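Please treat every number below as a calculation from the coordinates, not as lab data. Everything numeric here is computed off the predicted structure, so don't read it as measured data. For neighbour counting, all protein chains shown are included, and Cβ atoms are generated from backbone atoms with ideal geometry for every residue, glycine included.
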Amino acid sequence: MGKMEVIPISNVQSAVSSEEWRTRIHLAACYRLMAAFGMTDLIYNHISARIPGAAEHYLINPYGMLYEEITASSLVKIDVEGATILQPDHGYNVNVAGFYLHAPIHKARPDLQCIIHTHSRAGTAVSGLREGLLPLSQTAMRFHGRIGYHDFEGPAISGAECDRITSDLGPHDILILRNHGLLACGRSIPQAFNAMYWLENACRIQVDMLCCNRPLHPPTAAAIDSTVTCFAGTEITLLNEAETNPTVNEGARGNAGGYGGLEWDALLRKLDRMDPAFRS
């Protein structure tokens, strides 16, 4: 278990490695993007990112800041046992659920760098439907057969339940928490954001369709299988290209490629136009 270090927020960059600082910038960007695209719940919920080269340590938001306020320096560094390693002097600590929900997944899934949890309106609505996410749109079909489900047991502040959440996630990158919300993971921060962005949109589309109170046009099984195969194949191609082609953009190459890396640089430019303070 590490020893906690409290330092002035203005000194954080000089106190961490270049790899950690880069991760802090991308994670702060992810928080800002979640706010920009309407996937926040006031100061609640959490996104965590494992620090490269320090598998037991991850970054998470200070409990009390809005997502649109998060900066690279404000993130808190904790370990998978619950100890705070680096605490900026902003006066905010970590939401206990941010530890109980994220730490078991980080421990069980070393292939994942980033975990995003939301209580969005559409995501929570779909989580309460018996059928869960339906393959009613191309956006939803990309996740078909790749989603785990976990039954609601109350707020996720029990170590025993969070172990069951990890078990229900299994080999998937997406988990729908029944009557609760959504969870998306990725081998990189851009990949996790991409998964949550499209998962949220799939839920919004489903709610819109069901609200129309008109007969639905379900796709054929062949169409679903074709869509799943297409998206999976494209993701592998993008990943391989990002890892082997030096001309691929920095966002894709530096963040494990696949879906998410391709558009990440453009999203960072969007944030820079809105407010570049996330980088500080």
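Of all DSSP beta bridges confined to the range 50-182, the antiparallel ones make up roughly 75%. Each Lys and Arg contributes +1 and each Asp and Glu -1, all at the Cβ; summed about the Cα centre of the range 116-178, the dipole is approximately 280 debye. The relative contact order of the chain comes to 19 percent, based on Cα pairs under 8 Å that sit 6 or more residues apart. Taking trypsin sites (Lys or Arg not before Pro) in DSSP loop states with no more than 11 other Cβ atoms inside 10 Å as exposed sites, the chain has its longest site-free stretch at 131-280.
Give the range of the longest stretch in the chain that excludes all GluC sites (Glu not before Pro) found in loop regions by DSSP and having at most 14 other beta-carbon atoms within 10 Å. If you can, show how the numbers build up before the last one.
Details: sites that count: E81, E131.
No qualifying site falls inside 132-280, the longest such stretch.
Orientation-averaged projection of the range 126-210 equals 5.6 nm² [convex hull of Cα atoms, one quarter of hull surface area].
Note: relative contact order over the range 1-135, using C-alpha pairs below 8 Å and six or more positions apart, is 30 percent. Candidate membrane-span-like segments in the chain, meaning DSSP H helices with Cα atoms spread over at least 24 Å of their own axis and a Kyte-Doolittle mean of -0.5 or above, are 18-36, 189-211, 221-244, with no membrane implied. The label-point distance for M65 and R121, in a model that sets each label 7 Å from Cα toward Cβ, rounds to 2.7 nm. Among G64, G181, G91, which one shows the highest mean-square fluctuation when the chain is modelled as a Gaussian network with alpha-carbon springs under 10 Å? Top of the fluctuation ranking is G91.
Taken over the chain, the percentage of Cα pairs per 10 Å bin, counting from 0 up to the bin with the maximum distance, is 7, 29, 36, 21, 6, 1. Using the alpha-carbon centroid of each, what span in Å lies between the range 106-177 and the range 1-54? After rounding, the separation between the Cα centres reads 23 Å. Taking the DSSP bridge list for the range 5-279 and keeping only pairs wholly inside it, about 75 percent are antiparallel.
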